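First comes the structure, then the notes that go with it.
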Amino acid sequence: MGRSRPPTMQDVARAAGVSRSTVSRVFQNGGEKVSPDAQIRIHEAARAMGYVHNLVASGLAARSNKQLGLLIRDATNPAYGHLHAEMHRAILAAGRTLVSVTAHRHDYGAAEIDGLHRLMGLRVAGVFVGTGVTAAEDLAETVTGIPMMIVGRPNSHPRIESVSYDEKTHGRDMAEQIAAAGHRRVVVLEAPVLYSRVFDLRMRSLVDRCTELGVSAVPVDLLPVEQGVGRALDVAREERAGCIVCPVDYVALELLRAAAQRGLRVPEDVSTVGFDGLGDGLDLIGLATVQLPVRQVVRDAVVRMEELLEGADLPVRHSLHTGTFLPGRSLGPPPAGHNC
């Protein structure tokens, strides 16, 4: 007959020939004052019967203060996937554990607030927020009593710490690269701020710098993406604009597909650029982009979180890290007859 209930800590203790308190020390205190032989027997017994220790039920998260929470958005986006991987690696190195919640990118903030509530319910010691949608004011009202830090997205809220990518500089740097390639008219794919505050900041910064450099920018609605890239190609042809600026690499890839379906050559007929620089194979595709400094941001964020968890009365800090422009063959000179 199969087991009618999940195995308990007492079941593990009985199978391993030890007391329940010994099993508790192994799972809740890292095996403190438990012999290596007993630890091996306990772990083997737990694995054999499928026992999984319940951190929430035991109150471990609250007592040991070792769990940190991470809210990210759509892990299929390489920027968030890399952020999650680097955060997991850095937090483990700091002797802590990571609990993450993912919100879908099209929920416009509602799922993010729900995710924060779930993390708070797990009684994490601190929270990292790696999303580009929910306003800082709403985050400040949601998370109270524990340290919270925005990671990746630029932030200036006086009550919320942040370690972020310098997206304003990224937009300006890309504008300068486009101008240096000889372009004087570009199409810029734009999205509402509720879709992505990061996209909005990148594009506004790029357009401002383009204006300073004498490059005219023609805005085109990005959403929905499949239609937005088609509109961008149409407008580029009508306006004789030699370059299409995409707010993120996955949009640039959609544009490359749409261009190929129309028989357009990149960059001979139209150039394109993106942002993030984290997807596998971008070097093979030759996409010109800005690579985000994910590892540096995460390392800085984890060190800062440790300082905040020590309980020191520290002033709120906002730090920025600048990425690197990656040249690619998708950005070339404007076609003959453009920029007129």
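The values are calculated or read from the model by the stated rules, or taken from the named source; none is laboratory data. Being a predicted model, the structure only gives us computed values, none of them experimental. Positions of Cβ are generated from backbone atoms using ideal geometry, with glycine treated the same way; all protein chains shown enter the neighbour counts. We work out accessible area using only protein heavy atoms, side chains counted, and drop any ligands, DNA or RNA first. Shrake-Rupley method; radii C 1.70, N 1.55, O 1.52, S 1.80 Å.
Counting every alpha-carbon pair across region 213-284, the share separated by more than 19 Å comes to 29%. Between Gln227 and His318, the modelled labels are 3.5 nm apart [label points 7 Å from Cα along Cα→Cβ]. Taking amide H positions as modeled 1.01 Å from N, with prolines and chain starts lacking one, the residues under 5 Å from Gly126 and 5 or more places away or on another chain are Gly69. What a 1.4 Å probe finds exposed on region 195-340 is 50% carbon and sulfur by accessible area, rounded to a whole percent. With all protein chains in place and a 1.4 Å probe, the accessible surface of region 135-187 carries 42 percent carbon and sulfur.
Dipole orientation for region 242-340: of the candidates Ser319, Pro334, Ala301, Pro334 has the Cα lying most toward the positive pole (charges on Cβ; Lys, Arg +1; Asp, Glu -1). Which label marks the calculated value of Cα Rg over 2.2 N^0.38 Å, given the options [x] 1.16; [y] 1.23; [z] 1.01? Recomputing Cα Rg over 2.2 N^0.38 Å here gives the entry labelled [y].
For Arg89, the solvent-accessible surface with a 1.4 Å probe is about 130 Å², rounded to the nearest 10. Using Cβ point charges alone (K and R +1, D and E -1), the dipole size of the chain about the Cα centre works out to roughly 1160 debye. In region 248-287, the alpha-carbon atoms span a convex hull of 59 Å³ per residue. When all protein chains stay in place and ligands, DNA and RNA are ignored, the 1.4 Å accessible-area order of Lys66, Lys168, largest first, is Lys168, Lys66.
The heavy atoms of His88 offer some 80 square angstrom of accessible surface to a 1.4 angstrom probe.
Amide H to amide H, with H built 1.01 Å from N, Cys243 comes under 5 Å of Val187, Ser271, counting only residues 5 or more places away or on other chains. Phi angles of region 86-100 translate, via the Karplus equation with coefficients 6.51, -1.76, 1.60 and θ = phi - 60°, into HN-Hα couplings of 5, 5, 4, 5, 5, 6, 4, 5, 7, x, 10, 10, 10, 10, 10 Hz per residue; Gly and Pro are given as x. When DSSP beta bridges are restricted to pairs lying wholly in the chain, around 10% turn out antiparallel. Semi-axes of the equivalent ellipsoid of region 209-251 are 19, 13, 8 Å, computed as sqrt(5λ) over the eigenvalues of the C-alpha gyration tensor in descending order. When the Cα convex hull of region 177-216 is projected onto planes of every orientation, the mean area is 2.7 nm².
Every pair of different Cα atoms in region 239-340 enters the Kirkwood calculation, which places the hydrodynamic radius at 15.9 Å. Projected onto its three principal axes, the C-alpha set of region 142-246 covers 55, 29, 15 Å, listed from the longest axis down.
Residues whose amide H lies under 5 Å from that of Glu161, counting only those 5 or more places away or on a different chain, are Met148, Ile150; hydrogens are built 1.01 Å from N in the peptide plane. Per residue, the solvent-accessible area of the chain (1.4 Å probe, heavy atoms of protein chains only, all protein chains present) comes to 47 Å². Counting only heavy atoms of the protein chains and using a 1.4 Å probe, Ile40 has close to 100 Å² of accessible surface. The simple spin-label model puts a point 7 Å past each Cα toward its Cβ; for Glu307 and Asp74 those points are separated by 3.3 nm. Relative contact order for region 249-334: 39 percent, from Cα pairs under 8 Å spaced at least 6 residues apart, divided by residue count. Figure note: Val186, Val207 ranked by solvent-accessible area, largest first, 1.4 Å probe, ligands and nucleic acids not counted: Val207, Val186.
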